[in-house]
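Colleague: Sharing a structure with you now.
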Amino acid sequence: MNNSPLIAAIQDRLREANYFDLPTPLRAAGVDFYFTGAMLGRGGRALDLVLLIDTTTGDFGDRDSTRVQQRIEALSRALDVTSSRLVVTAILAGAALAEGIGALSETCRVLQVEGATLDNHGKPVSDAAQQHLDDSIRVLLPLTLPSFISENQDGGDPAMDQLTRALPSGINKTLVEAVIAASSTGEQAVTEAASQLINHSLRPEHKGDRS
C-alpha cells in the first residue's frame, strides 16, 4: 500500500516527537482492525494511540464517514474488553469527510489535516509550512516555547524570562517551573509533577515534642 505524501509527512513529524509505528492491521480482543497507519507514544504519552486515516485515497472505505466511525467504535469496544487505558486519536488526513466528523468526536479525539505544502521529498517546503502542519496536530506534540517573542511586541528577552516576569507576584514559581519542564514529555508528566509538588506542600511538618 502506498501512503499519501501527507500521511508520510504526519508520520515523520510524530516520529520526531517520539511516537513509534505499530504494525497494521491492529489486533485487539482477537480482531483485526485496518487503518492506513497506527502509532503509539512513549514516556508521558505512552497511552496515546494515534490512528491515521487517509481520506484522499480512501483505503478501507475511508472516504465514508460512517464506515470510519463504525471501525473506530468497534476498536474502542475491543480496547474496553481488554481493559486498555489507551486514549485514541484519529487523524483524518486529506479531503474533509462529506458527512462531517461530529459523531466520530464522541468516540475519540479527532484531528483534521486537510493538506500541507510539501517538497519533492515529502517534507514541508518552509518553516511556515512546517508550522502549519504542527498546528494541525499540536495536541500530540510536546509543548515548546519560542526563544524570543515576535518583533512587534515589547522586549527581546527569552520567552521564559518574559513569562516569569509576567506572572503574578504571589504565584508559586517552583510549581510553574516544574510544570513547564515536565510539559516536554507530555500531559501525564505535567500531572505527575504538579501532584508531587502539591502533595509535598500538604505534608505536615515534623516538629520536636514540646515540653
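The values are calculated or read from the model by the stated rules, or taken from the named source; none is laboratory data. Quick caveat: nothing in here was measured; it's all calculated off a predicted structure. Here Cβ is always computed from backbone atoms with ideal geometry, including for glycine, and neighbour counts include all displayed protein chains.
Colleague: Any residue at all in region 78-85 that's farther than 21 Å from Ser136 by Cβ, of a type in the set (S, T, N, Q) and in contact (Cβ under 8 Å) with a residue 24 or more places away in the chain?
Modeller: Yes - at least one qualifying residue is present in region 78-85.
Colleague: Which one of Arg27, Arg67 is without any contact (Cβ under 8 Å) to a residue 24 or more places away in the chain, in a helix (DSSP H, G or I), surrounded by fewer than 20 Cβ atoms within 10 Å (Cβ to Cβ) and over 18 Å from the mean Cα position of the chain (by Cα)?
Modeller: One residue alone meets the criteria, Arg67.
Residue-by-condition table, conditions (1) crowded, with 16+ Cβ neighbours inside 10 Å; (2) closer than 13 Å to Leu14 by Cα:
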site: Ala96; (1), (2): no, no
site: Val110; (1), (2): yes, no
site: Thr117; (1), (2): no, no
site: His121; (1), (2): no, no
site: Val125; (1), (2): no, no
site: Leu133; (1), (2): yes, yes
site: Ser136; (1), (2): yes, yes
site: Leu141; (1), (2): yes, yes
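Colleague: In addition: Restricting attention to region 110-120, which residues are of a type in the set (A, V, I, L, M, F, W, C) and either without any contact (Cβ under 8 Å) to a residue 40 or more places away in the chain or in a strand (DSSP E or B) (or both)?
Modeller: Scanning region 110-120 gives Val110, Leu111, Val113, Leu118.
Colleague: How many residues are free of Cβ contacts under 8 Å to residues at least 60 places away in the same chain and either more than 19 Å from Cys108 (Cα to Cα) or assigned by TED's automatic domain parsing to the domain that holds Ala182 (or both) if we restrict to region 33-59?
Modeller: Adding up the residues that qualify gives 5.
Colleague: Follow-up. Yes or no: Arg15 outside the structural domain of Glu187 (by TED's automatic domain parsing), surrounded by fewer than 19 Cβ atoms within 10 Å (Cβ to Cβ) and at pLDDT 95 or above?
Modeller: Yes.
Colleague: Take Val113 and tell me if it is in the same structural domain as Met39 (by TED's automatic domain parsing), more than 26 Å from Ala28 (Cα to Cα) and among the β-branched types (Val, Ile, Thr).
Modeller: yes
Colleague: The conditions are (1) hydrophobic (A, V, I, L, M, F, W, C); (2) assigned to a loop (DSSP other than H, G, I, E, B); (3) buried (at least 16 other Cβ atoms within 10 Å of the Cβ), and Leu52 fails exactly one of them. Which is it?
Modeller: (2)
Colleague: Between residues in region 121-142 that are on the phi < 0 side of the Ramachandran plot and residues that are part of a loop (DSSP other than H, G, I, E, B) and not aliphatic (A, V, I, L, M), which pairs lie under 6 Å by C-beta distance while being six or more apart or on different chains?
Modeller: Every condition considered, the pairs that remain are Val125/Thr117; Val125/Asp119; Ala129/Thr117.
Colleague: Would you mind stating whether Gly37 is loosely packed, with under 14 Cβ neighbours inside 10 Å and not charged (D, E, K, R)?
Modeller: No.
Colleague: Moving on to the next point. Which of (1) of a type in the set (S, T, N, Q); (2) surrounded by fewer than 17 Cβ atoms within 10 Å (Cβ to Cβ); (3) part of a strand (DSSP E or B) does Thr89 not meet, given it meets every other one?
Modeller: Of the numbered conditions (1) of a type in the set (S, T, N, Q); (2) surrounded by fewer than 17 Cβ atoms within 10 Å (Cβ to Cβ); (3) part of a strand (DSSP E or B), the odd one out for Thr89 is (2).
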